[in-house]
Every structure is written in C-alpha cells, then in structure tokens.
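K.L.:
Please find one structure pasted underneath; my questions will follow.
Readers should treat all values here as calculations from the given coordinates under stated rules, not as data from a laboratory. These numbers were taken from a predicted model, which means no experiment stands behind them. As a convention, Cβ positions derive from the backbone with ideal geometry for all residues, glycine included, and neighbour counts pool all protein chains shown.
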Amino acid sequence: MDTSPAPLVEARGDVRLPGAARAVERALVLLLGVLMLLIVGLNVANVAGRYLLSMPVPAADEIMTFAMVWGVFLGAAVVTLRGTHLTMDLIVGLLPPAARRAAEVAASLALIGVLGFVALQSLEYIDVIGGIGLTSMAAGLPMAWVHAAIPIGFGLMMVAALLRLFGRRA
Amino acid sequence: MTAALVAFPLVMLAAGFPVFLVLLAAATAYAVFVAGVPATVLHQAMFGGVESFALLSIPFFLFAGELMTSGVIARRIVDLVVAVVGRLPGSLALATVGTSTIVGAISGSSAAATATVGRILYDPLQRSGYSRPFATGVIAASAGIDVVIPPSIAMILYGVVAEVSVPKLFLAGVLPGLLLAGFMAAFIVAHAALARMGGTVPFSLARIATALVRSLWALGMPTIVFVGIYGGIFSPTEAAGIACVYAALVSALVYRDIGPRALLQLAADAMVLTAQIMIIVAAAGVFAWMLTTSGTPARLVGWIAGMELSAWQVLLVINVVLLIAGCFIDPTSAILVLTPLLLPIVRHAGIDPIHFGIVMTVNLSIGMFTPPFGLNLFVMQSLFGVPTGELYRGVLPFIAVQIAALTVVTYVPALSLILIGG
C-alpha cells in the first residue's frame, strides 16, 4: 500500500523508549483509530437515518463532538510521545547540540509544570460540575466524564514528556 | 508586566517550545498573575475552544484525505491532467499545478499533497529537462494552492474563530484558488516557451476520455462534498463524514488498495493529525480569552484607527504582517492567534470578513513554501534530500508569482465575493 507518508505523524526517532511505553502507545493509537471510525459511522447512521427512515440518531452531533474531544486530548499524548508537536524550530535549529538539548529539557519541564497546574484546575472544575450532576443537553451524559478528557489527556502528556526527557538518546 | 507577557512567549517560541504550550503558558501566567480570576477559567476556555460540531469536519477531511491520496488515485489524476495539457509547452510542470489543484479539492493538507504529487512527478520533471530547483519549486508551490482550494482546514478554523459561515468561505475560495493556479500556469508556459521546451503527448480527445473514465471515482469525492453542501443535503461537517465513507469504499472495493487493518491505521493517523492541530485550537481558546479580557484587540483597533489609514492601506500592512508571519509559523497557529487580533481592525476598516478570510488563507498558503519555515520545503527535503540552497532558489520565482496573485485577491474583493452573491 502506498499511503501518503504524512511526514508529521512519523516519530523523529531520537529517543529510545521502554517497551512498556511503546505498548501503551500502540494501545492508545488503536483506541484513536476506533474512535475515528466510530465517529464516521455515527455520522453516516445519522444522515442515513434522517433521509431513509426520517429518524436521525438521537444526540448524534453531541456524541460525535464529545468523542472528538477525547480523541484530541488522548491523541495529543501520542503527539507528545513522538515529539511531533508543531513548533517554530528555525532559531533553535541554528543552535549547537548542547544548547538545543537544554532548550528541549526546558520545554519538557515547562510542559509538565503548566499542564500539571491546568490539570489541577480541570479537576477542581470537574468536581464542581460532578457535584451538581450536570448532564449534557441532548444525550444526558454526565458532563464530568466529557470534561475528564482534559486532565486525563494532560496527565498522559506529562508522562510522555517525562519518558522523552529520561529516554535514552538513540 | 505587560512587556514580560509579550517577551516571554516570544522567547519560548524561539526556543522551540510547542506552539500550544506557549499559548497555554502565556494565558496561565495572565490568569494567575494579572487578571486574578479563578484559574478554572483556563479549563473552561480550553474545553469551549474544541467542543464544536463545526470543528468535527477537521478529522473527517483529514481522514478522507489520507484515504484518497493513496498512490493509485493521485496517479490517475496525473494521467488525466497530462492528457489535457500534454500538447502545451511545459506540460509536465503544468500537470503538477493541475494535479495539486485537483488533489486540493480532495484533501485539506498541503504537506500531504506535496508528498503525494512529489513522489509521482519529481523524477519525471527532471527527466523531461527541468532543473532540480525548478522541479522542487513547482511541486512545493503548487501544493500551497491546496490550502485555498476547498475543502480547507485553514478556512474551517477561520470560520469558527471569526464566526462566519464555512460553506460561504469554501465557495469564496474557489475563484482565488483557480487564480493562483492560473498565475502559476501562465508563468510555467512562458518559462517553457523561452526555454523552448515542447509538449510531451499530442492532444487527443480519446486519450482524455479514457483518463477521465479512469479517474471518475477519484473525482466523485469533491462532487459529493460540493453537491451535498450547496444542494442543502448535508452540513459541511456531515459532507466531510460522508466523504470519508465514500473514500473508504472506493479504496477498499474499487481500487482494492486498503484492507480493514490499513483502514484502522489510517483512521488512527487521521486522529493523531487532528490532535496535533486541535491541541493548538484548545490552547488558542484560552489565548483568545486572555486577549479579549485584557482588551488588546480594542487597543490595537484604537491605535490603527489613530493612524487614519484607508482600507487599502490597512490591507497592505496586514498582508505584509501575514506574509512575514507565514514564513515562521504554520497556518493553523497563525489563523488561531492572528484572527482575533486582526479581525476587529479589518471590520473597523469596513472590509468584508469573508473576503478577509480568503486574503488570510492565500497569504498563509504562500507561507507553506516560503523559507525558512515552509512546511512543504521540509517535506521536499525529507523525501528527496534537496539541498537547502537549491530549495530556496527553486521556490523564489513562484513566491513572486503567488504574491502577484495575492495582490489581485486582496484588491479585487469581487473575486472572492461574487460566488456568494456579496
């Protein structure tokens, strides 16, 4: 199969990760594929239901959007692990390797600090909406579950950043 | 303090920190140290930034693009375009432009188009007598057109941030996209005529008909998207989702180049690409909150209004700013960060927001292949190992050509607005 190479999805391969981390990554990627196919399937079922049976899938729009939100924050952990976040690497690319490595370490530490702080805010917010039992408008899903995508995704991103920080240089 | 809030993000950006992290860190610092509001607002603004049905079309179009730009489909489109333009001087370079334009109507990713078209045409271009810089330049620059030809991820993002209709933006992008292709084509024909390069194949209706039949399945996808949206059958998001199913069926049943395993892999790839873009959308949600609360856009408008510039001067200044920004940051980040800042200025100057969306998109499409940070250049470099010097030399003439087209798009609003009846 000759798929488009999509250079952005490929890992840079400069860090060697433990086997367990690779296994978790594979599982996460599989989950993302399933989420994507689920969203596409739900969309077709909704359109087909509306036109063929004049009965759209209830709350389809909402469920698809929530699935995407989860996909984004879980997928961001994969992007972090692969080191493929969009950056402006023009200036840092001109630096000597030691300085570049220092900038990379600083970026990882900043990621862990900022995401950790924001994840704590998320948990506080989720505690509030969970406490009052807020549910989504169409599907009646507990909104705390939907919002949990952010602290869980951020937690995984922090772990991914740590793994890259301490991973053996290949 | 304000100076620190501007300087600190710039330093982080220069140090190669991820764009999303820079935006999120700046907004977090603002919320904690300046605004003194409960920091849970960070979570709320971020969640609000991504929880949008309109944005769902991004994973859909990325997935459809991954499915449809497999080798077989792109090659058939190349054959079709070569059959049509084969007799003209510079036919293979023209075919590069034509193929990229058609691929643009199938996929929303310019970098992926560079790779797909490059893999097929990079060697044939050089065999037919083009220098390596020229071959590189024409491939990288043509793929830039994909950002403007709908469906366009950049336009979806602009539509969501600027709160204008995405279907209208798509329609408004058609003529400017074709104008870019036309300017490129004219340059190529003139160049080939001067270099006395002939055509490759004689003109034959039978050949065109055969190639057309062979590429019908590929051309079916943009047809479904356009007829679906403008026939009022689907919303743009739904049309994008239907396009995925169509692409999956065509790849699996007609071209037989993917199985269930590959389908799952491509779906996962599309979701990872989505995350790469949308994590910036999430962070930009918080950044936009910071800008609005701090009153920055209003101050900018006041400052610009004080200069008493006319609409065309405002557009000129903004174009220069966007061209420079496009050299350094990717279209996703540029649109998400700059739209909330520039749109109030543009509205104040009486410029149509749809027209401005197209101007912005064309600017950033040029940024896809301007040194030093044009993504398409990196793709060419990683695929074919083109040296940086040749790469830059190759794209230079095309940058000039596209800036000429940009000037027309900027100062002839009718080109963007006529199809939407504006």
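K.L.:
Between the helical axis of B:166-194 and the dominant principal axis of chain B, each derived from Cα atoms, what acute angle in degrees is found, rounded to the nearest 10?
P.N.:
50
K.L.:
On to the next question. Hey, got the Cα dimensions of the protein assembly as shown along the principal axes, in Å, largest first?
P.N.:
73, 60, 55
K.L.:
Rule-of-thumb check for chain B: C-alpha Rg over 2.2 N^0.38 Å?
P.N.:
Scaled against compact globular proteins, the figure is 0.99.
K.L.:
Shifting gears a bit: Using +1 on the beta carbon of Lys and Arg, -1 on that of Asp and Glu, and nothing else charged, what's the dipole of the protein assembly as shown about the Cα centre, debye to 20?
P.N.:
1340
K.L.:
What span do the alpha-carbon atoms of segment B:4-49 cover on each of the three principal axes, reported in whole Å from largest to smallest?
P.N.:
Result, largest extent first: 29, 21, 9 Å.
K.L.:
So, R0 is 30 Å and r is the distance between the beta-carbons of residue B:299 and residue B:195; what FRET efficiency does that work out to, to 0.05?
P.N.:
Once rounded, the FRET efficiency stands at 0.05.
K.L.:
Please list, by residue number, every one of the trypsin sites (Lys or Arg not before Pro) in segment B:180-227 that is coil in DSSP and has at most 15 other beta-carbon atoms within 10 Å.
P.N.:
B:196
K.L.:
In addition: Provide a whole-number value for the mean count of partner chain Cβ atoms within 10 Å of the Cβ atoms in peptide A:118-126.
P.N.:
6
K.L.:
Also, I was wondering about something else. Rounded to whole Å, give me the distance from the Cα center of segment B:373-422 to that of segment A:103-167.
P.N.:
Cα centroid to Cα centroid, the span is 38 Å.
K.L.:
What is the helix-to-structure angle for B:57-68, meaning the angle in degrees between its Cα long axis and the longest Cα principal axis of chain B, kept from 0 to 90 and rounded to the nearest 10?
P.N.:
Approximately 20 degrees, to the nearest ten.
K.L.:
Related question: I want to verify the translational diffusion coefficient of segment A:18-169 in µm²/s; compute it with Stokes-Einstein, Rh as the Kirkwood radius over Cα pairs, at 25 °C and 0.890 mPa s.
P.N.:
137
K.L.:
Considering every Cα-Cα pair within segment B:308-422, what fraction, in whole percent, is farther apart than 17 Å?
P.N.:
When every Cα pair of segment B:308-422 is considered, 57 percent fall beyond 17 Å.
K.L.:
Here's something else I'd like to know. Springs between alpha-carbon atoms under 10 Å, Gaussian network over chain A: tell me which of A:103, A:67, A:77 tops the mean-square fluctuations.
P.N.:
A:103
K.L.:
Hey, another quick one. Which far-off residues, 5 or more places away or on another chain, put their amide H under 5 Å from the one on residue A:15, with H placed in the peptide plane?
P.N.:
A:170
K.L.:
To continue, here is another question. Treat each spin label as a single point 7 Å out from the Cα along the C-beta direction, and report the residue A:26 to residue B:214 distance in nm.
P.N.:
With each label placed 7 Å out from Cα toward Cβ, I get 3.9 nm.
K.L.:
Let me know the mean shielding of A:63-72 by other chains, meaning the per-residue number of their Cβ atoms within 10 Å of its Cβ.
P.N.:
6
K.L.:
Search the structure for amide H atoms under 5 Å from the amide H of residue A:135, placed 1.01 Å from N in the peptide plane, and list their residues when 5 or more places away or on another chain.
P.N.:
Sorted by chain and number, the residues that satisfy this are A:143.
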